[in-house]
Amino acid sequence: MRHKSTELMGTIKAFVEEYYKNYRHSPSTTEIANAVGIARGTAYKYLLAMSDNGMIRYDGQQISTEQTEKVQTEFTSVALLGAVSCGVPTLEEEYAEEYVSLPVSMFGNGTFFLLRANGESMIDAGISPGDLVLVRKQSEATDRCSKGVRHLFRLKRACKTEANLKYVFTYQEI
């Protein structure tokens, strides 16, 4: 058996990890071969050698590393619906500009949507014009913590076609 280049092994491992982060699955041996400039059969032999050395886990189809095993694969699709006024209510246009995948491990389950902040009245709260605001759909506004994030705002509907982002204040009894 010929000696395998540790430098090429590192290059293959880095490619596999980057590919997995981007596509959420392992690359094929053909994709690895094309990316690092070797033959497909050589890529396969390197994967076997890397698996034997403990650099990766390879079962003939799926490739995993310590890093790829930490990548969260459960996501929820969230629609970016347009702009929300911070201050004076503006006409709400409810159509999805695009969809964004958010990890369930960070945001939990539920119905979410994204809105682009428009206006400057929320700057003190750290929300600038153009920022994306993640909104969880729920029936009442509450001041609570969820996964370390404190919810202090609510989306207020002036009528069916206007929406506005507002602070939520809660008072504790002494």
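Values computed for the structure shown
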read-out	value
Label point distance in nm, residue 136-residue 69, each placed 7 Å from Cα along Cα→Cβ	3.1
Dipole magnitude of the stretch 1-86, debye to nearest 20 (Cβ charges: Lys/Arg +1, Asp/Glu -1, about Cα centre)	240
Extension gain, residue 80 back to residue 124 (0.36 nm per residue minus Cα-Cα distance, nm)	13.5 nm
Contour minus Cα-Cα distance for residue 99 and residue 23 (0.36 nm per residue)	25.8 nm
Sequence-distant residues sharing a close amide H with residue 75 (under 5 Å, placed H)	104
Nonlocal amide H pairs with residue 26, under 5 Å, H built at 1.01 Å	63
Calculated from backbone phi, Karplus (6.51, -1.76, 1.60) coupling profile of the stretch 15-20 in Hz, x at Gly/Pro	5, 4, 5, 5, 4, 4
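Each reported figure results from applying straightforward, stated rules to the coordinates on display, with no laboratory input. Since the model is a prediction, treat every value here as computed from it, not as a measurement. FYI the Cβ positions are ideal-geometry reconstructions off the backbone, even for glycines, and counts take in every protein chain you see.
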